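Presented below is the structure to which this report refers.
Each reported figure results from applying straightforward, stated rules to the coordinates on display, with no laboratory input. A quick note: this is a predicted structure, and the numbers were derived from the prediction, not measured. Neighbour counts run over all protein chains shown; Cβ positions are idealised from the backbone, glycine included.
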Amino acid sequence: MKARAPLLGQVSKAHGKTVWFTATDAFADWAREAAPNVHGLWTAPGVFSADAPDPGSAALLAALPEKLGAQVADLGAGWGGLGAGLLTRDGIRTLHMVEADHAAFECARRNVTDPRVQFHWADATTWTPPELLDAVVMNPPFHQGRRADPSLGQAFITAARKMLKPSGQLWLVANRHLPYETTLAAQFRNSDEIAGDSRFKILHGSRPNR
């Protein structure tokens, strides 16, 4: 970097280094843009599960019932793998795909072209649907940077409860060690684990508390 531009300062911490410099196009040839992966799906550097479909999302899709209802949301939609699978289900009239990361959001718009989809570049924990939903399906994030933070997934569960009709249902996949059951039980009158293995658990909540 010093060979390309004057560096104004640097800081080293936690096995990493941050440097800063006056804005320049000297590093334009280093940029990695969104591109199709080996599966033909658009992903971008740093996007979750960029190289291949996520096995947790695949496990969730396999556990879902065939009919989810007419109005459905995918919270934390990523590059669109889970949403694309949901659209093969019967009866979905509108699928809201909500994603805060802009790179992932733009990939999802390229990967999922079904006219039933409404895309929302938004924080899933504060987004409000135009009408209450029949179902929310999600594979919520659980990292802030490199640090695992279960409160992210817990916030997704709380947000999902507010989006659902009284008859609405939530399905989510989580790594086995994440402590989501207590939050799920607090937000829904009925909650249980419906499938899973040593890596993942598929959790279901129904009859959201008001």
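The residue 151 and residue 3 beta-carbon pair, evaluated with R₀ = 35 Å, returns a calculated FRET efficiency of approximately 0.25.
Only bridges with both residues in the chain count here: give the DSSP antiparallel percent, nearest 5.
Numbers: 23 of 43 bridges.
Bridges in the chain are about 55 percent antiparallel.
Ordering 22-29, 131-138 by mean Cβ neighbour count within 10 Å, with the highest value first, yields 131-138, 22-29.
Here the Karplus curve 6.51 cos²θ - 1.76 cosθ + 1.60, taken at θ = phi - 60°, turns the phi angles of the range 62-79 into couplings of 5, 8, 6, x, 5, 10, 10, x, 7, 10, 9, 10, 10, 8, x, 6, x, 8 Hz, with x standing for Gly and Pro. As a length-normalised measure over Cα pairs under 8 Å and 6 or more apart, the relative contact order of the chain settles at 15 percent.
Using bins of 10 Å that start at zero, the share of Cα-Cα pairs per bin across the range 55-208 amounts to 12, 45, 38, 5, in whole %.
The residues packed around residue 177, meaning those with a beta-carbon under 14 Å from its beta-carbon, carry a net charge of -1 if Lys and Arg are +1 and Asp and Glu are -1.
The label-point distance for residue 182 and residue 30, in a model that sets each label 7 Å from Cα toward Cβ, rounds to 4.3 nm.
Residues with beta-carbon under 10 Å from that of residue 66, excluding residue 66: net charge, scoring Lys, Arg +1 and Asp, Glu -1? With Lys, Arg at +1 and Asp, Glu at -1, the net is +1.
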